[in-house]
1. When the helices in the chain are scored as -39500 (n - 2.57) per DSSP H run of 4 or longer and the sum is shared across all residues, what 222 nm value do you end up with, to the nearest 500 deg cm²/dmol?
2. Using just the Cα positions, wrap the chain in a convex hull and report its mean projected area in square nanometres, one decimal place.
3. Pairing the Cα long axis of helix 120-143 with the longest principal axis of the chain, what angle in degrees results, from 0 to 90 and rounded to the nearest 10?
4. Can you count the Lys pairs in region 2-143 whose Cα atoms are under 21 Å apart, with each pair 8 or more apart or on different chains?
5. Lys/Arg Cβ at +1, Asp/Glu Cβ at -1, dipole of region 2-143 taken about the Cα centre: which of 56, 66, 90 is farthest positive-ward?
6. Can you give the local net charge around residue 33? Use residues other than it whose beta-carbon is closer than 12 angstrom to its beta-carbon, Lys and Arg +1, Asp and Glu -1.
7. Just need the relative contact order of region 2-143 here, percent rounded to a whole number, with Cα pairs under 8 Å and 6+ apart.
Amino acid sequence: MDFNLSICIRRLPMEVFIFLRDKDKYPQDPSSPVVILEQTTPGPVGVGTRYREVIQMLPFVRGEILSVITHFEPGKRLEEDFEGAGMIGHLAYEFSPEDGGTRLIQRELVRTRGFTRLLEPFMKRMLSRQLWKRLETIKAVLESG
């Protein structure tokens, strides 16, 4: 499953980058499927930083996703590889100046494994909605100050 999304945010690229860099420091939206998000390596964020995420997949089913930062270019690019909950993938953010704000581009590649392959058409629709909703939430939070 390939996703290519973008949104314009009325904040400078470095501000948007810092928000996504520090993703574990902000409370999750109550409707987010993310139950836990924590940095598991000590120190400042950079290439090699690892995260653990627990997501609510179905009403009584949770999954764990482990990720690692693979590219870290402040104010320009942030990338990570992830694995878990029957998926493996790559997430890349690009931050481009646009009209005094930032064009945030999100590219994500997700491959399912095991029994989740059977659910891929359903997962693609669900993930697409969740990714758009997350970008809209990021925009709302950053633009509200």
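1. That comes out to -7500 deg cm²/dmol.
2. Mean projected area for the chain: 8.4 nm², to one decimal.
3. The answer is roughly 30 degrees.
4. 8
5. 56
6. Local net charge: +2.
7. Over region 2-143, the number comes to 28 percent.
Bear in mind these aren't lab numbers, they're just calculated from the coordinates by the rules spelled out. Since the model is a prediction, treat every value here as computed from it, not as a measurement. Here the Cβ is made from the backbone with ideal geometry for all residues, glycine too, and neighbour counts use every protein chain on show.
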